[in-house]
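First the structure, in the form of structure tokens, and then the observations on it.
Taken together, the values in this text are just the output of simple stated rules run on the coordinates, not laboratory data. Being a predicted model, the structure only gives us computed values, none of them experimental. Reconstructed Cβ throughout: ideal geometry from the backbone, glycine too, with neighbour counts over all protein chains shown.
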Amino acid sequence: MDALRAVFAQERAALAPECAGVFGRQGLFIGCDAEFAERMATPMLGRRVGLHLHGPDRLAGDTVCSPEELPFADDSFRLVVLHHAFEGVAAPAALREELVRVLEPGGVALIVGFARFGAWRPWLAWQTRSQAVPPQLATAGAWRRALARGGVDVYAERRIGAERLAVAGVRLHLPPALRSSWLLLARKRSTNALLRSRPVALRQRAARAHLASGTQRASA
């Protein structure tokens, strides 16, 4: 897993300048491991909420919740960052809808996923062989279209992650188009053409009390 951690480190490096440039009250970071949110610097955000994947139907961290029902009010976060976590949840489309809902109009969403096609696929399969459920991969194009339907428009797409691939003991340098991961940079429209928010009762209060006022949704 050391090689996979090295890829995650390269991805964090690509995300760092984007996160550091977002100014706002608070941001939401959802990663596939507990280290992701802790290692992201956000000097211009007032608060940071960190969650990580804890099984296909559960997120843990600053609160414990279902990926399908995030316990936050509509338009709560200026920045939402999703780092591979959607690849391990049972209902990735529901998580995507929740991210759109909690992102404030004009807010920025950064989404990172493994490329679905490419020479790196056997490498990823080997790196994740110990996982009970292999990653459920999606293309950047599918995410781009789904986000647009929810009122979030992608303004940039990049390839990031592994720059070298070992094949038969030979390390090959990969051009950007063949790197392991994609990054989408998107912004929520400041119009009335947004997803209609749906009321969801707060199932569990945050485990920590330092979240900004108004972050959690009121109980139904």
Exercise. Considering the zone a paramagnetic label at Gln131 would reach in this model (a point 7 Å from Cα along the Cα-to-Cβ line), which residues of region 69-89 have amide N under 18 Å from it?
Worked result: 82-89
For this session: For Arg47, list long-range residues whose amide hydrogen, built 1.01 Å from N in the peptide plane, is under 5 Å from its own amide hydrogen.
Result: Gln26, Gly27
For this session: Please give the FRET efficiency for Ala91 paired with Leu185, using the beta carbon to beta carbon distance and R0 = 25 Å, rounded to the nearest 0.05.
Result: 0.55
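Mind checking the dipole of region 1-94: about its Cα centre, +1 per Lys or Arg Cβ, -1 per Asp or Glu Cβ, Debye to the nearest 20? Mind dumping the intermediate values first?
Values: 8 positive and 13 negative charges, 74 e Å.
Here region 1-94 has a charge dipole of around 360 debye.
What is the sum of charges around Gly88, taking Lys and Arg as +1, Asp and Glu as -1, for the other residues whose C-beta is under 13 Å from the C-beta of Gly88? Present the calculation step by step, with values, prior to reporting the outcome.
Numbers: positive: Arg58; negative: Asp33, Asp57, Glu87.
It works out to a net charge of -2.
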For this session: Pull out a ≥ b ≥ c, the square roots of the eigenvalues of the alpha-carbon gyration tensor of region 2-188, then state rounded if a/c is under 1.5, prolate if not and a/b is larger than b/c, and oblate in the remaining case.
Result: prolate
